[in-house]
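**Q** Below are the structure tokens for one structure; questions will follow.
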Amino acid sequence: MKRGSITIVSILFGLFGMLQPAFGEVSAQEAQQLKTTLTPMGAEKAGNADGTIPAWDGGYTTVPAGYQPGARRPDPFAGEKPLYQIDASNVEQHSARLAEGIKVLLKRHPEYRLNVYPSHRTAAAPQKVYDNTFQNATRAKTVNNGLSVEGAYGGVPFPIPKNGNEAMFNHLFGWKGEALYMPFRTYLIPTSGETVFASEAENWLQFPFYYQDVPMDKWSGYFSLFRQNQTAPAFKAGETILTKDPADMYREGRQAWQYLVGQRRVRRAPSISYDTPNHVTSGNTYWDEAFIFNGALDRYDWKMIGKIEMYTPYNCHGFYLAPKDTDVIGAKYIKPEFVRWELHRMWVVEGVLAQGKRHVVAKRRFYLDEDTWTAIQADGWDGKGQIWRYTYSLPIIQPEVPCVNGSYGSYILHNLQTGSYVADNMINEVKVQLQVIPRKPDSFFTPDAMAGSGIR
């Protein structure tokens, strides 16, 4: 595909007083930074000036002795104590390093706090992923007005991004291994404060973009395959969802199917995207809020705001070691003693509703970890410009991959206007936690396979 004609423009990002090109490609000379001052994934290798963010030294790749796939992972930093706390009394002092949504929670609940621990840059990936990322730096590009990716394979597409679209594609295409099995539970916490069980399901996630034994010219073109089977409550048991996301999201778009037990048939499900209410959370979140953000970019105009140092959940092993989901779920928020916050550098990307498009969340701001490109936090505003939604994930180290998984662990979405929240992808009580598995055959991710697995 030939790239369309693009005019190079400069946008003044007032927040940082710097110029960024709207579109652009990385030169071979720029790419060499990935072997010197930048990590192989494009983060700054050095720590910050005052030492509160350390230098990256290769990440955490030590698999615990005797570890079995899917078992609980021990906390490598269990002996550490918080350096300090952030609460309503000092939130303004730390305001520049906090997402807008978390500031609302801190000011609204004087007893709420963030426990800030020493920062550890634990992200890692296999050498082949690093090698492919280096090649992607000069060969990958966005096409179709920034809505599709070409020339990328097997690594982060845009390790030195030039615009917001490229950064968001890094989030979507980020390294999380080849295949993952993830049973989970979802809970709703209304304003009354009780914990309401919403659903239980099992996910199979597969990433053909990262098949390390498949060359680029044999790649299927899909970067993500997703299949979900509902197991509870009883009236939902047996419902199945299948999605396949291609790199060319503009021309091909997401392919989605749903098996409904009441109808006993598989049907195409184009509504499993964007701001359609997600039935897994009983309609309390939208489909593209799953895993912080998923799906196509076409509803928004994306802008790279810049990079900042900010507090974010990270290395949250202590959260997943709690025996029960209800051990960590509080009446108004996740119990703060179970969440580890650290200072990290994050890319800030903002999406504003594009002309002629519709979405109930009119503006969104994502905070992407520089070491993994994963969106770990997100703010959302309604059509009146009022802050509405705040989401954060609880990243965990998977040294057996290796990676820091900030997308497919638990994540929490607060409705800041009603005071309710959703605890999704909860894995404390399930039999296995984020289990690395052998790849399923392509036939597993087909409508025929869904129909054959229907249990009612």
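**Q** Of all residues being crowded, with 24+ Cβ neighbours inside 10 Å and hydrophobic (A, V, I, L, M, F, W, C) in region 370-398, which is nearest to PRO159 (Cα to Cα)? Just the residue, please.
**A** The residue in question is TRP373.
**Q** OK, next. Right, TYR408: hydroxyl-bearing (Ser, Thr, Tyr), buried (at least 21 other Cβ atoms within 10 Å of the Cβ) and touching a Pro at 6+ places or on another chain (Cβ under 6 Å) or not?
**A** Details: hydroxyl-bearing (Ser, Thr, Tyr): yes; buried (at least 21 other Cβ atoms within 10 Å of the Cβ): yes; touching a Pro at 6+ places or on another chain (Cβ under 6 Å): no.
No; evaluated as a whole, the condition is false for this residue.
**Q** If you don't mind, another one. Which one of the conditions (1) assigned to a strand (DSSP E or B); (2) within 28 Å of ALA451 (Cβ to Cβ) does LEU188 fail to meet, given that it meets all the rest?
**A** (2)
**Q** So, one more: Would you tally the residues in region 297-345 being of a type in the set (D, E, K, R) and more than 27 Å from VAL432 (Cβ to Cβ)?
**A** Looking only at region 297-345, we keep the residues that are of a type in the set (D, E, K, R), and these are 298-299, 301, 303, 307, 309, 324-325, 327, 332, 335, 337, 340, 342, 345.
Cutting the leftovers down to more than 27 Å from VAL432 (Cβ to Cβ) gives us 298-299, 301, 303, 307, 309, 332, 345.
Number of matching residues: 8.
**Q** Can you report the number of residues in region 355-369 which are part of a loop (DSSP other than H, G, I, E, B) and surrounded by 21 or more Cβ atoms within 10 Å (Cβ to Cβ)?
**A** Of the residues in region 355-369, 1 are part of a loop (DSSP other than H, G, I, E, B) and surrounded by 21 or more Cβ atoms within 10 Å (Cβ to Cβ).
**Q** Does region 103-116 include one or more residues that are open to solvent by 30 Å² or more (accessible area, probe 1.4 Å), part of a loop (DSSP other than H, G, I, E, B), in contact with a helix residue (DSSP H, G or I) (Cβ under 6 Å, 6 or more places away or on another chain) and within 18 Å of GLN377 (Cα to Cα)?
**A** Yes; the residues of region 103-116 include at least one that is open to solvent by 30 Å² or more (accessible area, probe 1.4 Å), part of a loop (DSSP other than H, G, I, E, B), in contact with a helix residue (DSSP H, G or I) (Cβ under 6 Å, 6 or more places away or on another chain) and within 18 Å of GLN377 (Cα to Cα).
**Q** Now for a different question. Give the residue, chosen from PHE173, PHE197, that is modelled with pLDDT of 95 or more and under 17 Å from the mean Cα position of the chain (by Cα). First the steps, then the outcome.
**A** Numbers: PHE197 fails: under 17 Å from the mean Cα position of the chain (by Cα).
Just a single option satisfies the conditions, and that option is PHE173.
**Q** Are any residues in region 370-398 of a type in the set (A, V, I, L, M), over 20 Å from PRO277 (Cα atoms) and outside any loop (DSSP other than H, G, I, E, B), and if so, which ones?
**A** ALA375, ILE376, ILE396, ILE397 - these are the residues of region 370-398 that are of a type in the set (A, V, I, L, M), over 20 Å from PRO277 (Cα atoms) and outside any loop (DSSP other than H, G, I, E, B).
**Q** How many residues does region 277-289 hold that are open to solvent by less than 10 Å² (accessible area, probe 1.4 Å) and of a type in the set (Gly, Ala, Ser)?
**A** Residues that pass the stated criteria total 0.
**Q** If you check ILE387 against the conditions, is it under 13 Å from the mean Cα position of the chain (by Cα) and of a type outside the set (Ser, Thr, Tyr)?
**A** no
**Q** Continuing with the same structure: Pick from VAL401, VAL348, VAL422, VAL352: which is β-branched (Val, Ile, Thr), part of a strand (DSSP E or B) and open to solvent by 20 Å² or more (accessible area, probe 1.4 Å)?
**A** Being β-branched (Val, Ile, Thr), part of a strand (DSSP E or B) and open to solvent by 20 Å² or more (accessible area, probe 1.4 Å) holds for just one of VAL401, VAL348, VAL422, VAL352, which is VAL352.
**Q** Hey, another quick one. Is it true that THR61 is open to solvent by 70 Å² or more (accessible area, probe 1.4 Å), among the polar types (S, T, N, Q) and either assigned to a strand (DSSP E or B) or at pLDDT below 95 (or both)?
**A** Criteria not met by THR61.
**Q** Taking region 296-328 as the search range and keeping residues that are open to solvent by less than 10 Å² (accessible area, probe 1.4 Å) and over 22 Å from GLU100 (Cβ atoms), which one is nearest to the chain's Cα centre (by Cα)?
**A** Only one residue fits best here, namely ASN315.
**Q** Is it true that GLN127 is free of Cβ contacts under 8 Å to residues at least 12 places away in the same chain and either within 30 Å of TYR211 (Cα to Cα) or buried (at least 16 other Cβ atoms within 10 Å of the Cβ) (or both)? Full working, then the answer.
**A** Values: free of Cβ contacts under 8 Å to residues at least 12 places away in the same chain: yes; either within 30 Å of TYR211 (Cα to Cα) or buried (at least 16 other Cβ atoms within 10 Å of the Cβ) (or both): yes.
Taking the combined requirement at face value, the residue satisfies it.
**Q** State all residues of region 249-290 that are within 26 Å of GLY419 (Cα to Cα) and in a strand (DSSP E or B); if no residue qualifies, say none.
**A** The answer is PRO277, TYR286.
**Q** Another question about this same structure. Considering only region 69-79, I want to know if a residue exists there that is free of Cβ contacts under 8 Å to residues at least 40 places away in the same chain, within 27 Å of PHE184 (Cβ to Cβ) and exposed (fewer than 14 other Cβ atoms within 10 Å of the Cβ).
**A** Taking region 69-79 and keeping what is free of Cβ contacts under 8 Å to residues at least 40 places away in the same chain, we get 79.
Now narrow it down to the ones that are within 27 Å of PHE184 (Cβ to Cβ): none.
Within region 69-79, none of the residues are free of Cβ contacts under 8 Å to residues at least 40 places away in the same chain, within 27 Å of PHE184 (Cβ to Cβ) and exposed (fewer than 14 other Cβ atoms within 10 Å of the Cβ).
**Q** Starting from region 256-284, take each residue that is touching a residue at least 40 places away in the same chain (Cβ under 8 Å) and list its partners that are open to solvent by 20 Å² or more (accessible area, probe 1.4 Å) and among the β-branched types (Val, Ile, Thr), counting only C-beta distances under 6 angstrom and pairs at least six apart or across chains.
**A** Every condition considered, the pairs that remain are TRP257/VAL266; TYR259/VAL266; ASP275/VAL360.
**Q** Another question, if that's okay. Step by step: first the residues of region 74-97, then only those that are within 24 Å of the chain's Cα centre (by Cα) and assigned to a helix (DSSP H, G or I), then the one that is nearest to GLN433 (Cα to Cα). Which residue is that?
**A** Top of the filtered list is ARG97.
**Q** Turning to a different aspect of this structure: Since ASP371 meets every condition but one in (1) out of contact with any helix residue (DSSP H, G or I) (no Cβ under 6 Å at 6 or more places or on another chain); (2) under 22 Å from ALA322 (Cα atoms); (3) of a type in the set (Asp, Glu), which condition does it not meet?
**A** With respect to (1) out of contact with any helix residue (DSSP H, G or I) (no Cβ under 6 Å at 6 or more places or on another chain); (2) under 22 Å from ALA322 (Cα atoms); (3) of a type in the set (Asp, Glu), ASP371 is out only on (2).
The values are calculated or read from the model by the stated rules, or taken from the named source; none is laboratory data. Owing to the predicted nature of the structure, the values given are computational and were not obtained by experimental measurement. Virtual Cβ from ideal backbone geometry, glycine too; neighbours counted across all protein chains shown. We work out accessible area using only protein heavy atoms, side chains counted, and drop any ligands, DNA or RNA first. Shrake-Rupley method; radii C 1.70, N 1.55, O 1.52, S 1.80 Å.
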